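Notes for the one structure printed next.
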Amino acid sequence: MATAPEIPAPPRRRPRPVSSGRLSAASGLGLGVGMLWLSLIVLLPIASIVVVALQSGFGPFREAVTDSEALDTIKLSVGAAVLVTVINAVLGTLVAWVLVRDSFPGKRIVEVIIDIPFALPTIVAGLVLISLYGPQSPFGIDLVGTRRGIFVALLFVTLPFVVRSVQPVLIDMERDVEEAAASLGASGFTIFRRIVLPTIAPAMLAGSALAFARALGEFGSVILISANLIGKTEVSSAYMLKLIEQNDTTGAAAVATLLLVVAVIVLVLLDSLQRLAARRD
Amino acid sequence: MSISVSGINKRFGDFVALDNVSLEVPTGRLTALLGPSGGGKSTLLRIIAGLEFPDTGSVEIEGVQATWLPPQKRSVGFVFQHYAAFKHMTVFKNVAFGLEIRRKPRAEIRQRVMELLELVHLEQFADRLPSQLSGGQRQRMALARALAVQPEVLLLDEPFGALDAQVRKELRDWLRNLHDEMNVTTIFVTHDQEEALEVSDEIVVINGGRIEQVGAPADLYDRPANDFVMKFLGPVTTLDGQLVRPHDIELLAAPGQEAIEATVTRLTRVGFEVRAELRTSKGGSEPWVQLTRIQAQELDLEPGRSVWLRTTHAPKTLAVS
């Protein structure tokens, strides 16, 4: 037995750059500008929502968020967002897979069509959906004023997120890895579960987070087809608009704060799942 | 015969990758598929592995008709040029993969994987991820992974192609030793003639989708079937209209039998060897000759000096016209 070539290996599992605890001028400036920008664009508005929600004290806040109409809209919005996210996580991945792995006539066109929900003003999307699935539906399917109508609208606007996150990862994935698994005896399903899925899971979760966030706050595409029926198809964004129109800014901000908390919880959950998936199979 | 391939044709669109290829690979040997890139050698290997299917022809592995068997059912281990590591799994998990698929008991898997990691000198790296290994280490991991399921045939596609020269050379010796120890029928694809000559029991030269010649390394080097094989396996030069190896030309200080007069035009020293470029007086061909330093000193070679040339080894192929 010959001695194998010894290549010095990294001494630790995850070598980190040596940190002196001080930043260079350039990275200090970068960090400063980045933080300032983030504060102005994101943190400041979020903070002001919370401030407005609590400006009349905790009592009115609790009253606003425990109002039964408010709770109904939040339940509907969160529930619909979760359901739509799960469906598009699966189907979006499937679409990405087909776009990357199969070649068929018209593929370039499909590539463009995928992005239309991104590009279309959402109120236009709402109009399109109502002409397809409204009282004058060419298919005889009338979804106006139903929760199914809301699902369809949300499925439409959130489709591209998962597709566009998963696609580049699939393109980068080397085919020989799957071939290696096949020659080791793994079936197609096993290869997908043990090799492909762990590779694309972080991208799927990242896309899902975006889709969820979008679905949670969606207004334009939903408002027409939902018909905004109180207690049935009224979503949180429409409810908040109504409160603002009634000059109840505090109530609107309170509902927004609650929605924000839900969003943060879900995003943190998805993020930790993503980290978990990125680490190990 | 361990692997028997007959009448294989394979096209990719208009490109003919393999043109009626037949080949017998004996059990327990280390065979090299050698040829320029795009010549069809990788396609042949992938057809044997079941990663590609032929348009016509058949493949038998250990007497079993395998032409249309999927790769899962061929008992073939495959090693890829770019390692094909399962990046999200540890070295241990990578090697264990095939055994886990076969639902072996945990203790058995553990024991077998550790044996293999010892064999490829990676036992202390079991818990690392592939990204924390060097290229040579990754390829040894890939080899252990392929060997874990005890394949009847081991196929390697340019296994050292992505490694630097030093590591390449070491792994080459190591593969030869490993093969002598395990004796599993092995085919490896390479475009490096030195690699093929050094490591293999038998070389199959493939070019333009056809097999040019099959034989032992020394046979191919000394008795090439045609100009292509001769040129591909080692250095050549032209003397008197014939292809000759530059170390098969003898330089004489004085006229001799069947010797051709020539003038030294240039001397280059490359390490231990000296290359003399010459021009023959008649015909004006410009061969070059490989000599040792001592030979060059004895002849007192320098540019402008007249010498006489003759071949010490009769060239077997004829004429670039």
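From the residues in the stretch B:81-102 that are in a loop (DSSP other than H, G, I, E, B) and not hydrophobic (A, V, I, L, M, F, W, C), which one is nearest to the chain's Cα centre (by Cα)? Among those residues, the one meeting the criterion is B:81. Residues in the stretch B:147-191 that are free of Cβ contacts under 8 Å to residues at least 40 places away in the same chain and among the small types (Gly, Ala, Ser): B:165 only.
The condition (being under 22 Å from residue A:207 (Cα atoms), out of contact with any Phe, Trp or Tyr (no Cβ under 9 Å at 6 or more places or on another chain) and crowded, with 17+ Cβ neighbours inside 10 Å) is satisfied by just one residue among A:94, A:76: A:76.
Where helices (runs of 4 or more DSSP H) fall entirely within the stretch A:85-189, those with at least 2 residues that are within 14 Å of chain B (Cβ to nearest Cβ) and among the small types (Gly, Ala, Ser) are at A:175-183.
The rows are residues; the columns are (1) assigned to a helix (DSSP H, G or I); (2) farther than 20 Å from residue A:181 by Cα; (3) within 7 Å of another protein chain (Cβ to nearest Cβ).
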{"site": "B:104", "(1), (2), (3)": "no, no, no"}
{"site": "B:107", "(1), (2), (3)": "yes, yes, no"}
{"site": "B:110", "(1), (2), (3)": "yes, no, no"}
{"site": "B:113", "(1), (2), (3)": "yes, no, no"}
{"site": "B:121", "(1), (2), (3)": "no, yes, yes"}
{"site": "B:131", "(1), (2), (3)": "yes, no, no"}
{"site": "B:137", "(1), (2), (3)": "yes, no, yes"}
{"site": "B:141", "(1), (2), (3)": "yes, no, no"}
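Limited to the stretch B:154-168, what total is found for residues that are away from chain A (no Cβ under 11 Å), touching a His at 6+ places or on another chain (Cβ under 9 Å) and under 16 Å from residue B:77 (Cβ atoms)? Summing the residues that are away from chain A (no Cβ under 11 Å), touching a His at 6+ places or on another chain (Cβ under 9 Å) and under 16 Å from residue B:77 (Cβ atoms) in the stretch B:154-168 gives 1. Quick one: would you say residue B:67 is assigned by TED's automatic domain parsing to the domain that holds residue B:186, closer than 26 Å to residue B:161 by Cβ and of a type in the set (Val, Ile, Thr)? Judged against the criteria, residue B:67 is not a match.
If we keep just the residues of the stretch B:175-194 that are within 15 Å of the chain's Cα centre (by Cα) and surrounded by 22 or more Cβ atoms within 10 Å (Cβ to Cβ), which is nearest to residue B:115 (Cα to Cα)? By that ranking, first place goes to B:175. Note on the stretch B:213-253: among residues that are acidic (Asp, Glu) and touching a residue at least 40 places away in the same chain (Cβ under 8 Å), the one that is farthest from residue B:292 (Cα to Cα) is B:227. For the stretch B:213-249, the set of residues classified as within 24 Å of residue B:278 (Cβ to Cβ), among the charged types (D, E, K, R) and outside any helix (DSSP H, G or I) consists of B:240, B:245, listed by residue number.
The values are calculated or read from the model by the stated rules, or taken from the named source; none is laboratory data. These numbers come from a predicted model, not from an experiment. Ideal geometry is used to build each Cβ from the backbone, glycine not excepted, and the neighbour counts take in all protein chains shown.
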